Structure formats: C-alpha cells, structure tokens
Protein chains: 2
Amino acid sequence: MAHLVIVGGSDAGISAALRARELDPTVDVTVIVADAFPNYSICGLPFYLSGEVPDWHQLAHRTASEIEEQGITLRLNHTVLTLDAERHQVSVRDPDGALRTLGFDRVVVATGAAPQPSTLPGHDLPGVFVLHTMVDSFRVHDFCSTRHPEHAVVVGGGYIGLEMADALTTRGLHVTLLQRGPSVLHTVEPPLAHLLEGELRRHGVEVLTSTPLAAITPRGPRLRVWGAADVWRDTDLVLLATGVRPSTALAQAAGVALGPHGAIQVNRRMETSLPDVYAAGDCVETWHRMLDAPTYLPLGTTAHKQGRVAGANAVGHDATFAGSLGTQVVKVFDLAIARTGLLEHEARAAGFTAATTETTVWDHKAYYPGATPLTIRVTGDMQTGRLLGAQLVGHWQAEVAKRVDVYATALFHGMGVEEVNDLDLSYTPPVSSPWDPVQMAAQAWMTAP
Amino acid sequence: MAHLVIVGGSDAGISAALRARELDPTVDVTVIVADAFPNYSICGLPFYLSGEVPDWHQLAHRTASEIEEQGITLRLNHTVLTLDAERHQVSVRDPDGALRTLGFDRVVVATGAAPQPSTLPGHDLPGVFVLHTMVDSFRVHDFCSTRHPEHAVVVGGGYIGLEMADALTTRGLHVTLLQRGPSVLHTVEPPLAHLLEGELRRHGVEVLTSTPLAAITPRGPRLRVWGAADVWRDTDLVLLATGVRPSTALAQAAGVALGPHGAIQVNRRMETSLPDVYAAGDCVETWHRMLDAPTYLPLGTTAHKQGRVAGANAVGHDATFAGSLGTQVVKVFDLAIARTGLLEHEARAAGFTAATTETTVWDHKAYYPGATPLTIRVTGDMQTGRLLGAQLVGHWQAEVAKRVDVYATALFHGMGVEEVNDLDLSYTPPVSSPWDPVQMAAQAWMTAP
C-alpha cells in the first residue's frame, strides 16, 4: 500500500487515517475535507450554541497540525467530484476552483450524512436553519448574536432537536419544540419519553407532540411556523432537526452498491461492493450485532470504530467491525436518557418473544444525600431469558450513561437477564446499592408475572 | 422444607430469608439476630458518623416490620450458642438470658465477620474504638458528641479507615492516618494509592505510611499513639480499622469445615461440609470467578448474592453463586477509587503473563465544562490478550463506579482487552468521549510496547 485517499475529514475519515498510519507508518495518507474543519466534534455544536463552550475552536478532537504531525496530508476546502474505482483515482476541486486528479491504491469513503432536505414551504426563509456542520453552527451563532432572537421553534424531537431546545433555553430564548409523532425521542419507549417531556416543560420548553410541521411563512420581520391542525407559533428562529440521510452521491456515481436502508453497503471489514473502495461512518449501513443484519444508525461512536476498521484493512491488516447495539445517551437539562439493544417492538419484529418491565429505584442508597430516581426498562426474551435491551432515564450525574454501558457490555456477549443479576458490580453508598439499579431492574424482569 | 433457621440478620442472612420466602411462601423462616439492628447498612456507618446521615435509623435497608411483613420471624437480641447439625437444632439465649432450643430442617449460618482482635498495649483504653456494628457506631458517636474530640488517629488505610478519615475530617476533627504498609489501600496498585494519599493530604489528613501501630498509652485525659520508629501523635480518639476476620466459632464448634483462608468452606451452592447447613456472607470463603478458587473477600455485594443463593437452595431450588471478581469502589473526599479483577501481582501469582498500562484521560470531552481526569490501570494477559483486571481513580461523580462495572461485566465472560475496545458504549460530550475512557485505556494496553 503506497497511497491511501480518504474522502471526508470527520470522525470516520480521521479515524481511518490515524489507524492506517499507526499500523503502517510508510503509507501515504491524504484526507480530503470539504470544509476547513477536520475532526471537529459535531456532537458538541449544541454546547457551543448554548454558550457552555465559549470558543468553537475547543470543539476540535484534534487540531489540523496534530493530525499532520501523524504524517497525514490534509486537503482542506477540497471537494471530491468523482471517484473512479477502476482507474484508482478521484477528481478533486481545490479551493480556487481548479480541478485535479489524485491517484490511490485504496480509498475510504467517509462522506457522512446531511440533514434531510426539506421541501416544505418556507424552509429556505432567512431565520430557518439546520445544524450539521461547523458552518451551520456559525450561521445560527451569528444570527443569535446579531438579531437577539427571543423565541425559537425547534422542529424534531430527536437528539439534535432535544439538545438544541436545551441549548437555546440555556441561551435565554423561549423555545417551542414541534414533534411529528406522539412523543419525543422515538429511540426510547413512550413512558420514558414522557419523563423527558416533563423535564423539557419544567425548564420552560413548550412541547407540541403529534404536530408535524406544515409550513413556515414570513410574518413581518419574524416567522410563523404552522403545524398540523392549524396550530401556529410566531417566532424569530426556526431550527429544522428532522434527521439525516447518508451522503452517498459520490459513491453511487462510482458504482458502489447501496444497502436496503439507502446507505453504502459494506461488509464487516468495511469493504464496499467495489475492490479497493472502503467506506465508514454516517454514509454506510451499520451491522447490528443482535439483529445480524444491516441497519442505518449514524452515530459518532460507530463512525470512529468503523473508520478504525477501514483504516486497518486498507493497509493490509485484518480488522472486523464488532457491530452496533444502538447504544446511545443524550443529556437534556438535568436528565440523561440512554438506551442499548432493542426496544420491545424492535425485538418482536426480529422474532424474539420480548417482554419489558419498568422499574424506578434510587440511583444510590437513599440515606446518602443527593439520591435521585432512575427509571429503567429492561427487555428480555421470555423463552430464553436472554437480555434484549435496556433504556434508562435519570439525573445526568447519576451514572446513567455508564449504567447503560453495563447492559451494553452484557448484550455484547448475549448474556441472560439473570446473569446481569449475577454480575459482580461495585458498591459504595454514595453511588450505588448492594444490588445496583441495573440489577434491581433485572430482578424486576425476572419476577414479573 | 418446613423450618428454616438463619443465624445472623445482616446482608447475607436477610437476603437468604427474603429469597426463601419469595420462592416458597409456605416455609417457616426464623432469623436470629445478635443485636437489635437487623438488615442495617453497615457500609453506611461512616456517613452517619460524618454527619451526612443525620439519623441512624435511615441506615436500615429495611425496617424490622418490613421484614416481618414478608412472613419472616425475627428474634432480636438473641444469641445462638450451639448448632447441632445432626439433631437439626440450635440452642439460643434470649434477651432475658433464658436458653431454649430451636429445631430446623435447614440452617443458614450468616454470622459475618468481626474486627481483627488487637493484642497491642492500650487497645482497650477509653477513647479507642473499632467500627463494625451499629453499637460500635453509637459508641463513637456518643464520644464525639460528649467529649468533642479535636484530633483522631485512624489506624489502617483500608476502606473503613479511609472512609473514617474522611468522615471525621468532615465532622471537623484533625485526622492522622496510620498505615502499616508503604501505601494506603492495598486493593489498588501504588500509583493509584498515591493519588489517593494526595487527596487525603489536600483535605488536611496527615498520612503516615510504613508506620505500624506499636502501642497506645494514656497521656493525661488524652491518648498517645505510638507508631514504628518512635513516631507518636497525641490524640483524643483512636479508631482501629485494621481489617476483619470471619466469625466462625459457632460453625467450627458444630464441626463445619473451614477453608484455606480460615473462613467457612462452602461450594457454589453455599453448602457447607455438613448436610442441611448452608453458609453465606462475610463468614465464608468466596469463590473467585477468575481464579476458580476460594478467596476471602468480605463485601456487602457478595453477601447479598450468596445469601440469595443459600436461601434459594435451602428451600429446594437450584441456585449457584456466580463468583466474585473482587469488584470494589470507595469514595474518599472527592475521589472514587475502584477496582475489579486481578492486580498485576495477583495475576502473575495465578499464572497469567500479566502486564499493566496506566492511562490518564478526561472523563468527558474537555470542551464541556467540568471535565476531570480519570486514571485507569488495565491489566491483561500478554499471551492471550485476555482482560485480567482494571483499577480506576477519578472524581466520584465522573462515573468511576459504573466504569469499573463495564470492566467487571467484560471480565465476567472472559473478554479480551481488544473486545473492550470493540464494545458499543454510550457517548454524549457531557459524560464521555466517542471512545470512552474505558476504551482509551484498553487501546493504551493494546499499543504498549
């Protein structure tokens, strides 16, 4: 391997580059980055916009020079126009608009995802934003700094929508959250989503569920956001956070096959359908460890892992992606909401005889100050006793994230619910109980009628 | 099974009683408790003495009436004098001093442990205390309330000693900690113990290591504590926290075999060497899941699990203790210190080709406010790549406890270090990084020379 080209400089692309150089210090690695911000923590954008991260430069996982110190060539503000797998070359437009051709022995496509394009009336009005890139966040930040909006409508109750409802409230705006479906955050089941809606309302966010966005119209200097059933709100700023779709145009044009979810089809070595073309991150289908099937689950954690696998294999090593369990956590005001594995309806659809129990217990011994409630839903298979998934809601400092990770680690090896109860977990009264809440929830599942 | 007698009303005894009644609501269960405090959280005593738990009643896991509501008969302030396994009876002294005999079909011995008896000159002087029972804590509490000590010497740098150094400092005393060995807390390796010693000193505790206690002498109304090399400190209160030993007298006299560590020998069904006699908790040898051998590891978590197994088997079910990994956590001032699995020297003694790496990383993305350092030591087998153990030190609210539990869950199934890196763990910037610190430490181990 002499030349490795990586298209995309976010999590997957930079992980691939670093891993390739780590394993083969002789390989020539060029990362082509569409903007000027390689290896930025896109997950941090809401915290920049909330004011909690005062300087956006802090959001860099690594600086450009730190990346280059690893012997990686960065081509910033370069756009890859075409990929010719047979001739092993990409055509690239440089910042001055000039076109050139770059040869490769192997290429990693890490083009990421982009917000769902909107066709709704008014989606392109001034004051309407999406949030996916550093430049997107600069636009929102500038608008807030110069126009001093007092009210915002956030459209979409997924991770970005929830974090931005928190961020804009923290910044001092009044926020209305518009959610198409009957509850926010469909990655957890409705009882937990309702706890989250309560948290949003406690912090002054107006939550309108079952309210799909219909249109946005100008209203003097402001905007009027129309939902279903003629609900409307006048506002200064609209943030569309209605999900992303994989950026596959380059790969598709090159003849790379897509999978059932519309993302690039890869095997667990992150090889695409074309020789010497690897792909990783938000642009690819992600192998689900429990379903043993591809899904579309764009997450930073997964992108890092897939990039690492792609980078290793691209330089001749033999790495395999261990698969995703869909493990996720989000902080919204004082709560963390986490899940791993399958929700009950997902498990049933996959053929499991799934049953779920919900348990609410203190995060640590109630006698020690500061105990807060944890609500845990455990899903298991009634025929085999196998753990299928877990969802948790609790105070964000009540170790919710790492508690879901205990379940995630148990799922990784297909552990039974009863085995979770048998785990030797740590205990001291300020942080847990002799049976950790993770185990109390397992016991509740085991004894459910 | 008609009559089940349980000797001991702490974690193991009450767990056994509850589990027996849960599985067989017809069984007659009597728990004989030597004092008036069944099912108290002994781990909470330091927090009562620090003032953080104002009322000692709060320390009850369950009240006596909650236990009795489960159909369990409690005999408080009763002492079991003898156990006759052949005749299936115990002789009991009631609070009035009267002796009676109680028959059983099966018995669970859950007599716990007691502080190492001291033979040092002055160990029995007024103002010298141990801390193991509720009554012990009342003695210390009364002494502090009526005598207003200004200085205390804590002897022993294990869990109780460390927690009491914190508790007495929090209460307003000046504290000197005397540790026999070269560093405190021998359950973690010296580099982490040194971080802990720094935390103690930052909070005003004088830490004297390599200073075994030699004697305690009266000094007017005060005490003089003598260490090795003629070190001495004058003080008002001495707390001896030099470890516990299993309370086996009753079982030994009954002919129950002891194991190599001097605790009651049991199999994984918690059966002793005598038919119909079970044992559980701090009085028994604990099967170590990784060593596949008995150890002596008295911990509340283990006592609960063993009690549950004993209770189930005593009523004819078939339960097996899954084993201990030695998972532990302690909070000392602002730090939590945790470990699971084997230390390097323990792993080598067990025949593993053990190597350890130490990593210090932020607990979450540094750009999000409040990031604190986590120091993690990962021990793995160089020949097989198997994870052997992990130790962590960090801020107690930096999910140290549940991070060690991720390692504990990985150890439970004999996972490799590389598999830990492959785990699908949760991430959001306020609580983690795309590679969790647990995984960054695994990567450091994998890439160590």
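The values are calculated or read from the model by the stated rules, or taken from the named source; none is laboratory data. Note that the structure is a prediction, hence the values are computed from the model and not measured. Positions of Cβ are backbone-derived with ideal geometry, glycine not excepted, and every protein chain shown enters the neighbour counts. Surface accessibility is based on the protein's heavy atoms, side chains included, excluding ligands, DNA and RNA. Shrake-Rupley method; radii C 1.70, N 1.55, O 1.52, S 1.80 Å.
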Exercise. Inter-copy label distances at B:LEU76, 7 Å along the Cα→beta-carbon direction, one decimal in nm, shortest first?
Worked result: 7.2
For this session: Under 11 Å from a label point 7 Å along Cα→Cβ of B:GLN116: give me every residue in the range B:157-178 with its amide N that close.
Result: B:157-158
Seminar exercise, completed: Residues other than A:ASP234 with Cβ under 11 Å of its Cβ, Lys/Arg counted +1 and Asp/Glu -1, net out at +2
Seminar exercise, completed: Highest GNM mean-square fluctuation among A:VAL153, A:VAL332, A:VAL53, for chain A with Cα springs under 10 Å, belongs to A:VAL53
Exercise. What size of dipole, in debye to the nearest 20, comes out for the range A:23-182 about its Cα centre when the only charges are +1 on Lys and Arg C-beta atoms and -1 on Asp and Glu C-beta atoms?
Worked result: 440
Problem set entry | Threshold 20 Å² - residues in the range A:297-323 whose accessible area is reduced by that much or more when the chain is no longer isolated, probe 1.4 Å | A:THR301, A:HIS304, A:LYS305, A:ARG308, A:ALA322
Exercise. Of the residues B:GLY326, B:GLY97, B:GLY341, which exhibits the maximal mean-square fluctuation in a Gaussian network model of chain B defined by a 10 Å Cα contact cut-off?
Worked result: B:GLY97
Problem set entry | Reachable lysines from B:LYS365, criterion Cα separation under 30 angstrom, eight or more residues apart if same chain | A:LYS305, A:LYS331, A:LYS365, A:LYS402, B:LYS331, B:LYS402
Exercise. Out of every Cα pair in the range B:326-436, what percent are spaced more than 24 Å from each other?
Worked result: 22
Problem set entry | A:HIS194 paired with A:HIS395, simple spin-label distance in nm, labels 7 Å along Cα-to-beta-carbon | 2.4
For this session: Work out the FRET efficiency for B:GLN383 and B:ARG100 from their Cβ-Cβ distance, taking R0 = 35 Å, and round it to the nearest 0.05.
Result: 0.05
Exercise. In square angstrom, rounded to the nearest 10, how much accessible surface does B:LEU274 have for a 1.4 Å probe?
Worked result: 40
For this session: Along Cα→Cβ, 7 Å out, is where each label goes; now give me the distance between the ones at B:HIS261 and A:HIS317 in nm to one decimal.
Result: 3.9
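For A:TYR159, A:TYR427, give the ranking by accessible area with the largest first, probe 1.4 Å.
A:TYR159, A:TYR427
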For this session: Please give the net charge around A:ARG386, taking every other residue with its beta carbon less than 12 angstrom from that of A:ARG386, where Lys and Arg add +1 and Asp and Glu add -1.
Result: -3
Exercise. Counting pairs of alpha carbon atoms under 8 Å apart in space and at least six apart in sequence, what relative contact order in percent does the range A:232-385 give?
Worked result: 13
Exercise. Taking the Cα centre of chain A as the origin, how large is its charge dipole in debye, to the nearest 20, when only Lys and Arg (+1) and Asp and Glu (-1) carry charge on their Cβ atoms?
Worked result: 620
Problem set entry | Average partner coverage of B:432-442, which counts Cβ from other chains inside 10 Å | 4
For this session: Please compute the net charge surrounding A:ALA354, taking Lys and Arg as +1 and Asp and Glu as -1 over other residues with Cβ under 11 Å from its Cβ.
Result: -1
Exercise. Dipole of the protein assembly as shown, Cα-centred, from +1 at each Lys and Arg C-beta and -1 at each Asp and Glu C-beta, to the nearest 20 debye?
Worked result: 420
For this session: Using DSSP to define loop residues, name the trypsin sites (Lys or Arg not before Pro) in the range B:50-112 whose beta-carbon has at most 10 other beta-carbon atoms within 10 Å.
Result: B:ARG87
For this session: Name the most mobile residue of A:ALA366, A:ALA113, A:ALA263, meaning the one with the largest mean-square fluctuation, in a Gaussian network model of chain A with Cα contacts below 10 Å.
Result: A:ALA366
Problem set entry | Using a 7 Å Cα-to-Cβ projection, B:SER91 label spacings across copies, nm, ascending | 10.1
Seminar exercise, completed: Contour minus Cα-Cα span, B:THR353 to B:ARG202, at 0.36 nm per residue, comes to 50.6 nm
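Using the beta-carbon distance between B:HIS413 and B:ARG147 and R0 = 41 Å, what value does 1/(1 + (r/R0)^6) give for FRET efficiency, to the nearest 0.05? Before the final figure, lay out each step's value.
Values: r = 53 Å, r/R0 = 1.28.
Computed FRET efficiency for B:HIS413 and B:ARG147 comes out at 0.20.
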Problem set entry | Debye intensity ratio in log₁₀ form over the Cα atoms of the protein assembly as shown, taken at each q of 0.10, 0.11 Å⁻¹ | -1.13, -1.29
For this session: Mind listing the label-point distances from A:THR209 to the same position on all other copies, shortest first, one decimal in nm, points 7 Å along Cα→Cβ?
Result: 5.5
Exercise. Do you know the relative contact order of chain A, to the nearest whole percent, from alpha carbon pairs under 8 angstrom that are 6+ apart?
Worked result: 14
